[in-house]
Ligand SMILES: [Zn+2]
């Protein structure tokens, strides 16, 4: 009789279910700790939301746009050296040459093209990913 009682209590199949994946939690991109979905930073490592979301405006974005007064400088500032050098030494002189030619042909109206070129450069440099690693990046990468 006591044997059957023991049998009832003992079950072969493990009753532990896989962790319920809560929809309002998210794993930390760096260490995998579960954090609230709207967490601004990780509680266990130095991950911050700003570090992985490039859509948010940062000081470096504004600086890059300012530097784009000289097209290409902003790109170089953000670490896009090849793109920046191309813009600075190739694309911009060509754009200026075309704008001047157009200005001669259309009595100054062609210079308006340059305004759009400039705006395009500045919008682009704002949106591109910042390739310059943040100063604190080597703290969290110890393996
Ligand atoms: Zn973390």
Counting only residues that are within 14 Å of the ligand (Cβ to nearest atom) and surrounded by 16 or more Cβ atoms within 10 Å (Cβ to Cβ), the stretch 38-62 contains a total of 4
Checked 82, 65, 91, 69 against criteria (more than 16 Å from the ligand (Cβ to nearest atom) and not in a helix (DSSP H, G or I)); the one match is 69
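Inspect the stretch 33-49 for any residue being modelled with pLDDT under 85, under 21 Å from residue 130 (Cβ atoms) and within 19 Å of the chain's Cα centre (by Cα) and give the result as yes or no. Reasoning before the result, please.
As a first pass, look at the stretch 33-49 and keep what is modelled with pLDDT under 85: 49.
Next cut, under 21 Å from residue 130 (Cβ atoms) only: 49.
Of the ones still in play, those that are also within 19 Å of the chain's Cα centre (by Cα) are 49.
Taking every residue of the stretch 33-49 in turn, at least one turns out to be modelled with pLDDT under 85, under 21 Å from residue 130 (Cβ atoms) and within 19 Å of the chain's Cα centre (by Cα).
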Given the conditions (1) away from the ligand (no atom under 16 Å from the Cβ); (2) surrounded by 13 or more Cβ atoms within 10 Å (Cβ to Cβ); (3) at negative phi, every one holds for residue 35 apart from (1)
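The values are calculated or read from the model by the stated rules, or taken from the named source; none is laboratory data. This structure is a prediction, so every number in the text was calculated from the model and none was measured. Cβ sites come from the backbone with ideal geometry, for glycine too, and all protein chains shown count toward neighbours.
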